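Let me begin by presenting the structure, written as structure tokens, before commenting on it.
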Amino acid sequence: MAIERMSPVNPDEIGPEENLSEKEKAKRAQHRESLAEARREQGKESASQTILKWWRGDAHSHSQESTREGFGYVEGIYDEQEMLEYYKGLGMEFVCFAEHASKPGSPKRLTPESEISKSLLAQAERITKLNQERGGDIAALSGVEANIFFDGEELIIDVPDEVLSKLDLVIASRHVVADSMDRHMSIEKDPQSIKETLLMAAKNPRVDVIGHPDRYTRKDKEKSPEYWQEYWGIWPEILSEMAKQNKAFEINLNNQPSKKLVKMAAEAGVKFFINYDAHDFNQYKKEKTILSEEAELAKKKWAKGEPTAEDLAKLQEYKTDRLSSGPGVKAMVRLYRWIKRLESFGVTSDKVVNSSRENVLEFLGDKGKNNENLDYLRSLENK
């Protein structure tokens, strides 16, 4: 069944502190200023100042477009306007909607005529219009998180070139593949296959970012010393090719990379994106509430195209709750720690592409990316 689009949350109810009373907002503001003043007296930046110097937009966010018909589970529940309003409230300068294409667990080759391809292109047009209507208060970029996989014996990216060429930003990622796809399972963690897939993505002119490069190997404790020797031996060539082709390495805060690998990437001169890979807001919040538990059941039914009116009302309540609260301490601490790690590896903020809107537009321009949306956003930068 088709997935029903949910009603948008009122923009006036969206913001990291909208669920707080005026008294509580003032109390928090005073606390932040006290901490900032203490840091200034020490001659140091506040944590907020550091974060905003390194992270001014998320290039890997999933809207409700990522919850595709036939997936049967949720990959995103918010629409573009809701997400733009939320990120604007955090002080962000841009957001990229890096939607899933074919199902990550069972990818397939798409054609330009497929419904998913049409959806990606329709969203790109919608995003261009959104930017023009909003006047650039926060920039929206169209994008995709494409799958890298073997189609039989052929190594491919699931989204056709005719579609990739019309999107602002392309992330290419390896994903765990279902057991039924034996060919994939047999090579999923083979070092030479990892090398082959990532080199293919690095050499693809449409790809901008390699998503969570080591997601499915970094915590594998069952491999032999010989395996790890071979595994670490593949990375110098991959990272060298990424630097040569101007491909960015994603530090995915939802699936954090090996510190050793990030250090190698820094030494190779590779650029970085720091992304949350957000499928929800405050997604690290572990404590369960009655609302969150009821919303989980409603989400499952919605993703299968089977929601009741009560389910949609519950999801509306849940969305409003999430959109009116902050990202959470854990999310910010995780981001801050990665910034400090990058600093310890000799990386400066300009090497993190999403440290500013100007930086990301320049990065895409250096890659020869030009379209109506990017041209419009660049025209705003030049005013």
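The values are calculated or read from the model by the stated rules, or taken from the named source; none is laboratory data. Fair warning: this is a prediction, and the values are worked out from it, not measured in the lab. No Cβ is skipped: glycine too gets one built from the backbone with ideal geometry, and neighbour counts run over all protein chains shown.
Going through (1) in a loop (DSSP other than H, G, I, E, B); (2) surrounded by 23 or more Cβ atoms within 10 Å (Cβ to Cβ) one by one, residue 69 falls short only on (2). The number of residues in region 311-348 being surrounded by 18 or more Cβ atoms within 10 Å (Cβ to Cβ), touching a Ser or Thr at 6+ places or on another chain (Cβ under 8 Å) and either closer than 18 Å to residue 58 by Cα or acidic (Asp, Glu) (or both) comes to 1. Determine whether region 37-59 contains at least one residue that is within 30 Å of residue 297 (Cβ to Cβ), of a type in the set (Lys, Arg), free of Cβ contacts under 8 Å to residues at least 60 places away in the same chain and not in a helix (DSSP H, G or I). Checked against the condition, which is being within 30 Å of residue 297 (Cβ to Cβ), of a type in the set (Lys, Arg), free of Cβ contacts under 8 Å to residues at least 60 places away in the same chain and not in a helix (DSSP H, G or I), region 37-59 yields no hits at all. Taking the conditions (1) closer than 21 Å to residue 276 by Cβ; (2) within 21 Å of the chain's Cα centre (by Cα) in turn, residue 345 satisfies each one other than (2). Output yes when any residue across region 188-209 is part of a strand (DSSP E or B) and at pLDDT 95 or above, and no when none is. Yes, region 188-209 contains at least one residue that is part of a strand (DSSP E or B) and at pLDDT 95 or above.
When 310, 362, 296 are checked against the criterion of being part of a helix (DSSP H, G or I), under 21 Å from the mean Cα position of the chain (by Cα) and free of Cβ contacts under 8 Å to residues at least 60 places away in the same chain, 362 stands alone in meeting it. The requirement of being touching a helix residue (DSSP H, G or I) at 6+ places or on another chain (Cβ under 8 Å), modelled with pLDDT under 95, surrounded by fewer than 21 Cβ atoms within 10 Å (Cβ to Cβ) and within 30 Å of residue 374 (Cα to Cα) is satisfied by residue 16. Within region 231-270, can you find the residues that are of a type in the set (Lys, Arg), more than 16 Å from the chain's Cα centre (by Cα) and under 26 Å from residue 94 (Cβ atoms)? If the condition is that a residue be of a type in the set (Lys, Arg), more than 16 Å from the chain's Cα centre (by Cα) and under 26 Å from residue 94 (Cβ atoms), then no residue fits.
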